[in-house]
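Here is the structure we will look at, set down as structure tokens.
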Amino acid sequence: MKAIQKSQQLFWGFLFKIPCCSVCSVGNLQNLVLFLILLLASASAALALDSSERIFTWNEANAIMAAAKVPGDFRNAARVYQKLVDSGVRNGPLFFNLGTALLQAGQYDNALDALARAERYLGAQPDIRRNMGIALARKQKTPAAAWPWYRILLFWHFSLAGPTRAAVAILAFTLFWLSLILTRLGLRHGMNALAVVSLLACIAFGSSVATTVHQELTARRYVLDIPSAAGSETTKSVGEQPSSK
């Protein structure tokens, strides 16, 4: 056993001595610094290229969306927006534009899902709710949308943006423990009520944030090649114009 431990120490010591010997001279140190500078420069260039590609894709999708006249055109715009989602972009304007394009293409289930994701990032906004109402009414084939009961019951979950709900949950958690500490210090007046209210708020908003995180992590990729419900006819103007970044 001691022989094995000794051999391991020699092995790791040899590995650590190799870089030390290779950079002990001034020339090697300069080469190492130059190599690190080049590595950082190439990484920053790659990030800049990635950012410029995303901006180009965003502008391309907005241009297709602005010129779209029939469901197939809006479906093409949705495909380009989907490329941004596939590349890891997550924000409210992107999902709003994607949901609006899907709505115009007649894919109402996908439109509702994308607009709901926009709502998670931006909270309740008139243009999002308007387009969701139109998509829901067209899906239900009724003049006016009948909102699900849980959206009315859990209005705070759907009205507030995800970051806002997370901030409320953290604040409630802090107040809960602060009330317990003050109670231990002898300041009992009103602390029990504060502890109960803050605990309930922490549970409610914490579960809300956990649900949002789970929904985003398990979000599916939209299937954009299926025929639209509106066929090839020109659709009416829906809600707001595409959002700009």
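The values are calculated or read from the model by the stated rules, or taken from the named source; none is laboratory data. If you're wondering where the values come from, they're calculated on a predicted model, not measured in any experiment. All Cβ positions, even for glycine, are placed from backbone atoms using ideal geometry, and neighbour counts span all protein chains on display.
Observations on the model:
- Residue in the range 144-157 that is assigned to a helix (DSSP H, G or I), more than 23 Å from the chain's Cα centre (by Cα), at pLDDT below 90 and not β-branched (Val, Ile, Thr) present: yes
- Assessment of the range 125-142 against the conditions (touching a residue at least 24 places away in the same chain (Cβ under 8 Å) and small (Gly, Ala, Ser)) yields at least one matching residue.
- The residue of the range 214-235 that is modelled with the highest pLDDT, among those that are in a helix (DSSP H, G or I) and out of contact with any helix residue (DSSP H, G or I) (no Cβ under 8 Å at 6 or more places or on another chain), is 214.
- Inside the range 134-155, residues that are surrounded by 13 or more Cβ atoms within 10 Å (Cβ to Cβ) and aromatic (Phe, Trp, Tyr) make up a count of 1.
- Note on the range 107-135: residues that are touching an Asp or Glu at 6+ places or on another chain (Cβ under 8 Å) and assigned to a loop (DSSP other than H, G, I, E, B) total 1.
- Test: residue in the range 98-106 that is farther than 19 Å from residue 73 by Cβ and either over 23 Å from the mean Cα position of the chain (by Cα) or crowded, with 20+ Cβ neighbours inside 10 Å (or both): no
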